[in-house]
Amino acid sequence: MADIREECGVFGIYSNEPGLDVAAAAYYGLFALQHRGQESCGIYVNDRGVPTGYKAKGLVNDVFTSEVLLGLGEGQMAIGHVRYGAAASNRARNAQPMHVNHSNGSLVVAHNGNIINAGELRRKYEMEGCIFHTTSDTEVVAYTVTRERLRSASIEEAVEKSIALLEGAYSMLLMSSQKLVACRDPLGFRPLCVGTINAGKAGEGYVIASESCALDAVGAEFLRDILPGEIVVIDSDGLRSINTYVDPARKKHLCIFEYIYFARPDSVIDGNSVHISREMAGKILAKEYPIEADVVVGVPDSGLEAAIGYSKASGIPYDIGFARNQYVGRTFTQPVQGDRANSVRIKINPIPAVVKGKRIILVDDSLVRGTTTDLVIHLLRRAGAKEIYFLIASPPYKYPCYYGTDVKSREDLVANKYGSFEEIALAIGVDSVGFLPESELDKLVRPGQGICTSCFNGEYPLRVPTEPVKSKFDQKLP
C-alpha cells in the first residue's frame, strides 16, 4: 500500500535446445515479476537472428494470450519486461523491450532503473540527427549501445563502452542476433540474478531475472547474483563474464526498498531472504516500540512479514486484519491518484471480528506521501477499531529518489509536511506513529553489505540531476 513506485522487472532466457519454448518461459517469468510493474509488458523472441516481439499496456496474463504467444514463434532466446509508468509517461509506446535495427544487425533492450544523464545524452543524439519516439530512458540506452556497436567488434564490447557513458541505476538485458547480454550498474542499485535451466540434450540453458522468484517460476536453478558492474554474455559457448567495472572494494548501493517493499518475499537478493529481512524489521520495531495492544495486523501485502516479526518479538498475537481481493494489483501501479484510491477500496477490507473493539498495532512497509494510508485508517475505524498504533518498517521518507523509484519531490512527503511523529499521527488519524530507526537498517541485510538509503538521509551516491529531462517530451507525445 506504499506510495512509492518501482519502475520495472526484466527476464531473459537462452537455450541451445530448440525444444525449450522460450516464449512460454518468458511469459511465466514475467508473471512471477508482475508485482514490479503492471502498466505494460512485452516479450521478444530471437529465432535464428530475427527478433519477433509483442508489447502492450496491461497485465501479462491479459496481454499474452495463447494466440499472441504462438505468434512469437520458436527461438533460442527471449527477453521480457514488465513496466510501471508514472502518470506523465504511461504511454503505450514506452512499453518495453525496445527493438532497434542497425547496419550490423538488430538490438533488443529491456531495462530496470533510471539513467540520470539520459536528458543530456538525448539532446546530444538529437543534435546529431537521432529521432526519438518515446520518453523512456531505455531508448537512450538503445541508441547509446547501437552507436558503440557500429564502432565495436561485438555487442559485449559495445555494452562495455556504453557503461562508461551511462550514469545512474540500471539492471538490463540486451539481445543481439546471437547473444544474450546482461549488465548491472557499478553500484548495484537494482537486483539481477542468473540461473541454469536444463534444456535437454544440448545441455543447460541460462535464465536471467530481476528476482530469484522468476527463476523458480520456470524451474531454473539459482546460480548467483550478477555483480555490480559485471557484464554477463551468454551464447552458444555458454556463459562468460566481463569484469572491467567490477570493484570488490567499492561499496554496493542496492536500494533498501527492494527488501522493504519492491521484491516478493520468496525472493533472495544478494544473499538476503526478503522474507527474513522484513521479519527482522518487525522485530526491531517491537524492541523500539513496546506497546500494550490486543492484536498485530499487517497491511497487505508487504506489511505482513514485518507484522509477523513484531508479533514474534512482542508476544502479542498476530491476526489477518484485512480480507484481500486477489484480483486487484498493487495500488501504486495506478498512475492517477483517484484510480489508486478506488483500488484500495476494492483491494482490501477490514475483518470486523479481528479489529472491532481491539487495540491494534498496524504495521506497514512505508509512509511516503500518505495518499492511501488515510483510507486504510478510515476503514479500520469504521470497522470498530478501538485504538490504532501505526508502525512503519522503514525510516521517515524525506528525500527524492533519482535511481528508479518514482518519488521526485520533497513537498508531498509526509515526513516533511509535519514536524514530529505526534503531528503525523494526528494528521492520519492514529493514536501514535513509529518508524524504523535509520541506524537499524543494516540489520536487514548481511553484515557489510552496502545499501542505498538516500531517500531517508539525502546522502546520494551519485550526482543529483539538475533538471527534469522528460516533461516536455511527455507533453508532446500521444
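The values are calculated or read from the model by the stated rules, or taken from the named source; none is laboratory data. It should be emphasised that the depicted structure is a prediction, and the values quoted were computed from it without experimental measurement. Cβ placement follows ideal geometry from the backbone for every residue including glycine, while neighbour counts extend to all protein chains displayed.
Would you mind stating whether A249 is of a type outside the set (S, T, Y) and either touching a Pro at 6+ places or on another chain (Cβ under 6 Å) or assigned to a loop (DSSP other than H, G, I, E, B) (or both)?
Values: of a type outside the set (S, T, Y): yes; either touching a Pro at 6+ places or on another chain (Cβ under 6 Å) or assigned to a loop (DSSP other than H, G, I, E, B) (or both): yes.
Spelling it out, A249 is indeed of a type outside the set (S, T, Y) and either touching a Pro at 6+ places or on another chain (Cβ under 6 Å) or assigned to a loop (DSSP other than H, G, I, E, B) (or both).
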Filter segment 166-217 for residues that are touching a helix residue (DSSP H, G or I) at 6+ places or on another chain (Cβ under 7 Å) and among the polar types (S, T, N, Q); which is surrounded by the most Cβ atoms within 10 Å (Cβ to Cβ)?
S210
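Of all residues in segment 384-398, which are surrounded by fewer than 20 Cβ atoms within 10 Å (Cβ to Cβ) and in contact with a helix residue (DSSP H, G or I) (Cβ under 9 Å, 6 or more places away or on another chain)?
Step one: filter segment 384-398 for residues surrounded by fewer than 20 Cβ atoms within 10 Å (Cβ to Cβ), giving 384, 386-387, 398.
G384, K386, K398, listed by residue number.
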Might you check whether a residue that is out of contact with any strand residue (DSSP E or B) (no Cβ under 6 Å at 6 or more places or on another chain), surrounded by 17 or more Cβ atoms within 10 Å (Cβ to Cβ), modelled with pLDDT of 90 or more and not acidic (D, E) occurs anywhere in segment 76-98?
yes
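Among the listed residues N112, N101, which satisfies the condition of being closer than 30 Å to Q34 by Cβ and in contact with a Cys (Cβ under 8 Å, 6 or more places away or on another chain)? So that I can check it myself, show each step before the final result.
Details: N101 fails: in contact with a Cys (Cβ under 8 Å, 6 or more places away or on another chain).
When all the criteria are applied, what remains is N112.
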Here is a check on your reading of the model: is A306 crowded, with 17+ Cβ neighbours inside 10 Å, small (G, A, S) and outside the structural domain of T196 (by TED's automatic domain parsing)?
yes
As an exercise: evaluate F222 against (1) touching a helix residue (DSSP H, G or I) at 6+ places or on another chain (Cβ under 7 Å); (2) crowded, with 19+ Cβ neighbours inside 10 Å and give the number of the one condition it does not meet.
(2)
Check segment 427-443 and report whether any residue there is among the hydrophobic types (A, V, I, L, M, F, W, C), modelled with pLDDT under 95 and either farther than 16 Å from L254 by Cβ or in a loop (DSSP other than H, G, I, E, B) (or both).
yes
Does segment 110-118 include one or more residues that are in a helix (DSSP H, G or I), in the same structural domain as V82 (by TED's automatic domain parsing) and buried (at least 19 other Cβ atoms within 10 Å of the Cβ)?
yes
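Take the residues in segment 120-150 that are of a type in the set (G, A, S) and buried (at least 19 other Cβ atoms within 10 Å of the Cβ), then tell me which one is nearest to R184 (Cα to Cα).
The qualifying residue nearest to R184 (Cα to Cα) is A142.
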Among the residues of segment 51-68, write down those that are in contact with a strand residue (DSSP E or B) (Cβ under 8 Å, 6 or more places away or on another chain) and either touching a residue at least 24 places away in the same chain (Cβ under 8 Å) or outside the structural domain of C183 (by TED's automatic domain parsing) (or both).
P51, G53, K55, A56, K57, L59, V60, F64
Tell me, yes or no, whether segment 11-28 has at least one residue that is touching a residue at least 60 places away in the same chain (Cβ under 8 Å), over 19 Å from V233 (Cβ atoms) and either under 19 Å from the mean Cα position of the chain (by Cα) or not assigned by TED's automatic domain parsing to the domain that holds G219 (or both).
yes
Considering only residues of segment 231-289 that are of a type in the set (S, T, Y) and touching a residue at least 24 places away in the same chain (Cβ under 8 Å), which is surrounded by the fewest Cβ atoms within 10 Å (Cβ to Cβ)?
S236
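Which ones in segment 329-350 are surrounded by fewer than 19 Cβ atoms within 10 Å (Cβ to Cβ) and either closer than 29 Å to K398 by Cα or at pLDDT 95 or above (or both)?
Hits for segment 329-350 are G329, P335, V336, Q337, G338, D339, A341, N342, R345.
Sort through T146, T135 and tell me the only one that's of a type in the set (S, T, N, Q), assigned to a helix (DSSP H, G or I) and touching a residue at least 24 places away in the same chain (Cβ under 8 Å). Write out each step before concluding.
Numbers: T135 fails: assigned to a helix (DSSP H, G or I).
Only one candidate qualifies: T146.
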Candidate set: segment 272-301, residues that are over 22 Å from the mean Cα position of the chain (by Cα) and among the charged types (D, E, K, R); chosen: the one nearest to G321 (Cα to Cα)
D294
Could you check, for segment 246-256, whether at least one of its residues is over 23 Å from the mean Cα position of the chain (by Cα), under 28 Å from I79 (Cα atoms) and either aromatic (F, W, Y) or modelled with pLDDT of 95 or more (or both)?
yes
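Residues of segment 351-384 being of a type in the set (S, T, N, Q) and in contact with a Phe, Trp or Tyr (Cβ under 9 Å, 6 or more places away or on another chain), which ones? Even if it seems obvious, please write down each step before you answer.
Going residue by residue through segment 351-384, those that are of a type in the set (S, T, N, Q) are 366, 371-373.
Answer for segment 351-384, where residues must be of a type in the set (S, T, N, Q) and in contact with a Phe, Trp or Tyr (Cβ under 9 Å, 6 or more places away or on another chain): S366, T372, T373.
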